[in-house]
1. Springs between alpha-carbon pairs under 10 angstrom, Gaussian network model over the chain: which of GLN147, GLN182, GLN159 fluctuates most?
2. At a Cα cut-off below 18 Å, give the lysines reachable from LYS3, other chains included and same-chain residues fewer than 8 away excluded.
3. From a point 7 Å beyond the Cα of ASP82 in the direction of its Cβ, which residues of region 41-56 have a backbone N at a distance under 19 Å?
4. Can you tell which of VAL34, VAL15, VAL163 shows the greatest fluctuation in a Gaussian network model of the chain with Cα springs below 10 Å?
5. Please give me, ordered by residue number, the chymotrypsin sites (Phe, Trp or Tyr not before Pro) of region 71-162 that lie in loop per DSSP and have at most 13 other Cβ atoms within 10 Å.
6. Quick check: with the 1.4 Å probe, what order do MET1, MET47 take by accessible area, largest first?
7. Any chance you could run the full-extension gain for ILE10 through ARG162? It's 0.36 nm times the residue separation minus the Cα-Cα distance, nm to one decimal.
8. Measure up LYS127/LYS185; LYS45/LYS73; LYS56/LYS185 against 26 Å on the Cα-Cα distance and list the ones that go over.
Amino acid sequence: MLKELIKKLIYELWVIYGYWGWKCGQGISKKVTVLITYYNPARLKHMNHQIRNLLKCAFVEQIVISNHNPAFKIEAHVTISDPRLAFVNQAVRRGCGYRWLVADGFSPQYLIVMDDDILLFPWQVEKLFSALVAEPEIPHGFAGMVQQPDGFLDYQQKQERRVDYICEIYAITGEQLQHYLQFHKQIVVNPDVARSVEQ
């Protein structure tokens, strides 16, 4: 009961911050593209608040909203007008892996990709992007999986450490995106493998 109350309070503070919070990251000279993938209509209620909080980050150059569910048009649910916003609607249903192909169309130097249920305060986004700028040779995130010797994947978060798989939110460079896309092209010759990557 108390845990749910605290969670609800933090959510309300996050919503309020999107309207009246201060800008952050004004000392960061690098710029990042943020891509959010939407699929579940139930999560659209968070979208405008998510966008407002991202727009509080001075280092966010562009926010790409990629809609992977053709049952609705994403623009119809957005109440914010800002030149940094871009919308992409897919004509057919797409899995989450397709977002990397969407990101390539925007040629980002730095990229943050997040799921539609990741609700971050601006200073959390700043911390993530600052880590990427400081150490661009490796991808960064807030959560990930560590593979144990027996093959079990152990979920890790809220600590500074290396992981085998990042999940939920990814901060990478444009070079790392291109490396992934080259790998993707190599496996396209095998349709079964290609479908598993895109799904």
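The values are calculated or read from the model by the stated rules, or taken from the named source; none is laboratory data. It should be emphasised that the depicted structure is a prediction, and the values quoted were computed from it without experimental measurement. Because the Cβ atoms are built from the backbone with ideal geometry, glycine has one as well, and the counts that use them run over all protein chains shown. Remember, those area values only see protein heavy atoms, side chains included, never the ligands or the DNA or RNA. Shrake-Rupley method; radii C 1.70, N 1.55, O 1.52, S 1.80 Å.
1. GLN159
2. Here the lysines satisfying the reach criterion relative to LYS3 are LYS158.
3. Output list for this probe position: 44-56.
4. Looking only at VAL34, VAL15, VAL163, the largest GNM fluctuation is found for VAL163.
5. PHE72, PHE152
6. MET1, MET47
7. 51.9 nm is the gain from fully extending ILE10 to ARG162.
8. Going by Cα-Cα distance, LYS127/LYS185; LYS56/LYS185 fall outside the 26 Å limit.
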